[in-house]
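Everything on this sheet refers to the single structure shown next.
Bear in mind that the values in this text are calculations on the coordinates, not laboratory data. Not measured: the values here are computed from a predicted model. Cβ sites come from the backbone with ideal geometry, for glycine too, and all protein chains shown count toward neighbours.
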Amino acid sequence: MTPLAVSDYTVVSALGHGRAPTLQALRAGRSGLRQVDFETATLGAWLGVVDGIEALDWRADLADFDCRNNRLAELGLRADAFSSSVRRAAARFGAARIGVFLGTSTSGILQTELAYRRRDAVSGALPADLHYAETHNTYSVARYVRQALDLRGPACVVSTACSSSAKVFGQAARLIELGLIDAAVVGGVDSLCLTTLYGFQALELVSPEICRPWDAQRRGLSIGEAAAFALLERDAAAPLAWLLGCGESSDGHHMSSPHPEGAGAALAMRQALAQAGCTPADVSYINLHGTGTPGNDAAEDRGVVSVFGRDTPCSSTKGYTGHTLGAAGGVEAVVSMLALQDGLLPAGLNVRQIDPTLQSNYLTQARQGRLERVASNSFGFGGSNACLLFGAAP
Amino acid sequence: MSAVSAVLDVGVAGIGLLGPGLVDWASALPLLRDPALWQRVPTVVPAPALLPATERRRAGIVVKASVVVADAACAAAGVAPASLATVFTSSTGDPANCHALCEALASAGRLVSPTRFTNSVHNVAAGYWHIATQSMQTSTSLAAFDASLAAGLLEAAAQCAYTLAPVLLVACDVPYLEPLHGVRPLADSFALAMVLLPQGGRRLHLALAGDAIATRCAHPGLETLRGQIPAARGLPLLQALAGPAAAALVLEGLPGMALAVQVDAA
């Protein structure tokens, strides 16, 4: 693919609002995870909770969209003045030439989960204040962002579980290269809800302690929430990074377990390299999907080693943010671009002893160095795999 | 900066269809050509032969309907399913599963079934399809509320034109149970699938069409159906593909973002 300019990007997660606190935490090895309850869910798990969601002021004309997920999206649009960059692009290209492609897994389903507690005692009807289309529906977050930014271009939500907000980069790149649009707002927004908290618990994939990706005694994931956005433009005077490739594949194996050899994951990594015209040796760092479940990390390790060998430095940053599910691809795209800009190879957190059966070059200490290209893996339920490849801005 | 949107050229090689009074593409052809012959009866979703018995038990209606039309489109196109990249589009995932989860989460025990949670992902139909066909090709699942059909067609055509490889498009919407049906009423289930080819097939030319008004179905009953289910927004295109003549139509998209489709003569 033709390298595509990333002219701006931002993130809001448990590490804070915007690039600066995120980079500080990555440099310092500071986790944003806390052992806290969410809503009425007292599961004792560690969560990556975003601060400031409830206190946010809300536009009266968008009142129907008011929910945790869209509030999180709005925090993301305000962080690093991201929406100003979008408005500049809209002035340059026209609002109809800018797409909105966002990933989410559960959108604002929390609204409906809470509304089910308030069903009419006689009819069973949901309360009239539930705005399904604007909050719960899968598309609602892209609809909110498109409307809040006054954009008129094509838009959709990609919802392929935890690969969602990586795949939107590829989708936008195709439409820009084909000449259908000139720029796109891409990224992901996923907020805490009961479906994911109790669902991952039911699958016995939630760690009772803080998540420890790549650790020999890892016991599962810690769930987080986040909003991450990037602005992709046909050309840009001062790009912050370049999107070089977006590899995508399916496992075709199992709904909730990865292919044990990481075959689908490897296919996505190879495709990203091929699109970028790169060899594995050209990649300076891999941001792993690294959820911290025994099976996921083992499968990813095999996939990484089969493509890159044992030397390429890699780490998972889910020990900082938690697994932000549908937003994870976007969050880790931002981490990858921060790594490129700052020359930072972040350390994987919470490792006591690296699993000796894993063979890739996992970093437990942060490193500084000139990075040329960074790969970011995202894999989801349904066997959906994506690998993004970013290059440093000259 | 280009003032006029680019045009995507793709060819339709095989179609699968399932909807009210529309049992499959072959038997729907005369009905779409002369809708006076069409009688609206509730959609019957058959058990997909492609899914193994255990998967069939676990799969919701949205999975079954998607797999049935996808399988039919591949058979009609004469292509191996495992060779196709896929785009699945739906306004929501598995609605009955969503209702069951919300009920469980509102109950005192909050006991969630692991299978229900696994099946709650929007890409549930794509997951089952790729497992059943053992396809490792790329797959995306997307949503754009009532504009989901146009968004899916745009994405599938863009992938086909970009990769120069065939793409399977599957659009499917299934109604919620109450009480969610009360806040998102879809009248019935509707599913369509198309194998898109970079070369050959019945040629389509797609372009973004801004505020253009969506083409309506001339037949009042089909027009009602078109407006009732997101996937049925594709009916004007299906009617054009059912006949031999060239046609120009506009599919409903997001506000201010319709999708114009020119259909070449067969």
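Tabulated data for the structure shown
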quantity	calculated
Distance from segment A:38-113 to segment A:126-196 (C-alpha centre basis), Å	10 Å
Size-normalised alpha-carbon gyration radius of segment A:283-353, reference 2.2 N^0.38 Å	1.07
Pairwise centroid distance, computed over Cα atoms, of segment B:38-89 with segment A:272-328, Å	34 Å
Under 5 Å, built H, 5+ apart or other chain: amide partners of A:E225	A:A14, A:G48, A:V50
Spin-label pair B:T224/A:A133, simplified geometry with 7 Å Cα→Cβ offset, distance in nm	2.1 nm
Estimated vicinal HN-Hα couplings, Hz - segment B:61-73 in sequence order (Karplus 6.51, -1.76, 1.60; Gly, Pro = x)	5, 5, 5, 4, 5, 5, 5, 4, 6, 5, 4, 5, 5
Segment A:4-392 - Rg and Dmax from Cα coordinates, angstrom	19.5, 66
By average C-beta atoms within 10 angstrom, highest first, the peptides A:199-206, A:382-389	A:382-389, A:199-206
Dimensions (Å) - segment A:303-394, Cα atoms, principal axes, largest first	36, 29, 26
Viscosity 1.567 mPa s, 4 °C: Kirkwood-radius Stokes-Einstein D of segment A:17-146 over Cα pairs, µm²/s	76 µm²/s
Using θ = phi - 60° and Karplus 6.51 cos²θ - 1.76 cosθ + 1.60, couplings along segment A:127-139 (whole Hz; Gly, Pro as x)	x, 5, 7, 7, 9, 4, 4, 8, 10, 7, 3, 3, 6
Quotient of Cα Rg and 2.2 N^0.38 Å for chain B, N being how many residues it contains	0.98
Förster radius 60 Å - calculated FRET efficiency between A:A366 and B:A49, Cβ distance, rounded to 0.05	0.65
Sites B:Q39 and B:A248 - FRET efficiency at Förster radius 25 Å, r taken between beta-carbons, to 0.05	0.30
Karplus-derived HN-Hα couplings along segment A:299-306 (A = 6.51, B = -1.76, C = 1.60, θ = phi - 60°), whole Hz, x at Gly and Pro	5, 5, 4, 5, x, 4, 5, 5
The protein assembly as shown, Rg to Rh (Cα coordinates; Rh as Kirkwood inverse mean 1/r)	0.95
Two-site label geometry, B:Q199 and A:A238: point separation in nm, points 7 Å out along Cα→Cβ	4.7 nm
Average Cα contact separation per residue, chain B, under 8 Å, 6 or more apart, as relative contact order %	26 percent
Label-point separation, B:T115 to A:T279 (7 Å along Cα→Cβ), nm	5.0 nm
Whole-number percent relative contact order across chain A, with pairs defined as alpha carbons under 8 Å at least 6 apart	23 percent
Translational D in µm²/s for segment A:180-326 (Stokes-Einstein at 10 °C, 1.306 mPa s, Kirkwood Rh from C-alpha pairs)	94 µm²/s
Potential lengthening between A:R92 and A:A60 on full extension [0.36 nm per residue; Cα-Cα distance subtracted]	8.7 nm
